[in-house]
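Enquirer: Dropping a structure here in structure tokens format, bear with me for questions.
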């Protein structure tokens, strides 16, 4: 039976879609504290303000992340959510869970928490919502000792790295995303579990430019698989697509009749750089103009494949809107080799070059993308010791001033004043 | 002459004691030894937490440092960490 009247929340159960209110009511049958979440949320709807307090000092011994303190500011009315801390559980690479592992995690959370979860948070962690301070250490012990799983990152830490499923399932993966993700997770344990930076920092690893983990939009450091050479074309398969013998998009949109496949309309005219055309019955690509958008490969996967010389592009500085607006990451390094043989040393070198600079120059609560924006891309490229290329230019300049550096000017700032004055009176 | 780790720790605790704010960002401690890099300072600050002389306070998105004597948790007792 309902502990609180929730007429406003009840409205959210009336649509045709699944309702979190219904889920929480069902959960309240076994975890009565969930009634108090509903009660407090109803009050927030009435008051038009949150009733959660912000932050706290809770955590587990030795860790400076993974637990987010949350307290009700009306605990006398809703004692079940007096403490309602969030626990972030590191997800397996590529989100491969066994059902045994999932059952173990759910049993753990039923024992120590509200049983409510968020699968997954935007960083990628599995989020356990709602427990009390005294449950944190026993939960952490069971998680690490019985399930051999760890807490994720929070606060000003390196957040839990996340990756797409990469080479385990996907023929387009240009590097082993799961291995890089695992390697860097182990390499940076200190940065994940203890605060290190002016603000949060996120890694995400996508095996190809389809970017299934949205690294370009949601990570400070995005490693996106790409290739250096030409897209591989199977001209016989192109003809099969044109003849309608192969389903476009591997049949992904086969639920309705889209009419006959039209390679001009569905592929060539949609190429963002216009670098494709048909000639003598064959598909041609000017690969120098290709921006790796993946559209043609997605539409005709049996005819087109990424090139053979594979690696990754590094994009830096994406973020959600907190201090400033949301922004995509900026392409900084067009191509880098990603090699297990050198334990990803060249990727690690880039990461640490960014960190060393950002830890020094970044302001409190400033994401690396905001620091880049503040100092400007030319200065950031100088920090990274990268020569600017046309691909770094996003738009024509709007600032009419040109600032020269001493090394860019013949003779530098030193000059013979006597010789100068012979031609130019003071 | 470069400051020893113990001297930097003492400077950090003094700063956390005298600061009008109970909670400090890691960057607030950089000036405790300007010859050390940010990573060194971070490691020393986290070492103080490990020894129980400093505590983390986290909003969930940002982490700050505070002396246990200057910060209480919401239950009214000094925290864990």
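Here, each number is a calculation from the coordinates, and none is a lab measurement. Small disclaimer: the values here were computed from a predicted structure and weren't measured. Note that each Cβ is placed from the backbone with ideal geometry, even for glycine, and that neighbours are counted across all protein chains shown.
Enquirer: Which whole number in µm²/s is D for region A:91-165 by Stokes-Einstein, with the Kirkwood Rh taken over Cα pairs at 37 °C and 0.692 mPa s?
Expert: This corresponds to a translational diffusion coefficient of 253 µm²/s.
Enquirer: Could you identify which residue out of A:174, A:163, A:290 has the top mean-square fluctuation in a GNM of chain A using Cα springs shorter than 10 Å?
Expert: A:290
Enquirer: Compute the angle between helix A:99-112 and the longest alpha-carbon principal axis of chain A, please, reported from 0 to 90 degrees and rounded to the nearest 10.
Expert: Approximately 50 degrees, to the nearest 10.
Enquirer: Most fluctuating residue of A:315, A:293, A:164 in a GNM of chain A with Cα springs under 10 Å: which is it?
Expert: In this elastic network of chain A, the residue with the biggest mean-square fluctuation among A:315, A:293, A:164 is A:293.
Enquirer: Where does chain B land at 222 nm, in deg cm²/dmol rounded to the nearest 500, when only DSSP H runs of n ≥ 4 count, each adding -39500 (n - 2.57), divided by all residues?
Expert: Calculated from helices alone, the mean residue ellipticity at 222 nm is -10500 deg cm²/dmol.
Enquirer: Shifting gears a bit: Taking Rh as the Kirkwood radius computed over C-alpha pairs, what is the Stokes-Einstein D of chain A at 10 °C in a medium of viscosity 1.306 mPa s, expressed in µm² per second?
Expert: 63 µm²/s
Enquirer: Based on DSSP H runs of at least 4 residues, each adding -39500 (n - 2.57), what is the mean residue ellipticity at 222 nm of chain A after dividing by all its residues, to the nearest 500 deg cm²/dmol?
Expert: Value at 222 nm, helices only, nearest 500: -8500 deg cm²/dmol.
Enquirer: Sticking with this structure for a sec: At a threshold of 8 angstrom on Cα-Cα distance, excluding pairs fewer than six apart, so keeping six or more, what relative contact order does chain A reach in percent?
Expert: Contact order relative to length: 11 percent.
Enquirer: When only C-alpha pairs under 8 Å and at least 6 residues apart count, what is the relative contact order of region A:102-158, in percent?
Expert: 28 percent
Enquirer: If contacts are Cα pairs under 8 angstrom and at least 6 residues apart, what is the relative contact order of region B:5-70 in percent?
Expert: Relative contact order for region B:5-70 comes out at 35 percent.
Enquirer: First obtain the Kirkwood hydrodynamic radius of region A:248-404 from its Cα pairs, then insert it into the Stokes-Einstein equation at 10 °C and 1.306 mPa s, and state the resulting D in µm² per second as a whole number.
Expert: Reported coefficient: 83 µm²/s.
Enquirer: Across 10 Å bins from the origin, how do the percents of Cα pairs in chain B run, short distances first?
Expert: Cα pair-distance distribution for chain B, in percent: 18, 54, 23, 4, 0.
Enquirer: Would you mind checking the tilt of helix A:345-361 against the longest principal axis of the Cα atoms of chain A, expressed as 0 to 90 degrees and rounded to 10?
Expert: In chain A, helix A:345-361 runs at an angle near 80 degrees to the longest axis.
Enquirer: Sorting A:221, A:420 on the 10 Å Cβ count, fewest up front, what's the list?
Expert: A:420, A:221
Enquirer: Which whole number gives the average, over all residues in A:192-199, of C-beta atoms from other chains lying within 10 Å of the residue C-beta?
Expert: Mean number of neighbouring Cβ atoms from other chains: 6.
Enquirer: Pick out which of A:250, A:326, A:303 has the largest mean-square fluctuation in a Gaussian network model of chain A, springs linking Cα atoms closer than 10 Å.
Expert: A:250
Enquirer: Moving to a separate point now. Using the 10 angstrom Cβ neighbour count as an exposure proxy, how do A:179, A:269 rank, fewest first?
Expert: Fewest-to-most ranking of A:179, A:269: A:269, A:179.
Enquirer: Provide the descending list of Cα extents for region A:7-145 along its principal axes, expressed in whole angstroms.
Expert: Principal extents (largest minus smallest coordinate, Cα): 43, 36, 27 Å.
Enquirer: Okay, next question. Please arrange A:107, B:33 by counting, for each residue, the other beta carbons lying within 10 Å of its beta carbon, fewest first.
Expert: With the fewest neighbours first, A:107, B:33 line up as A:107, B:33.
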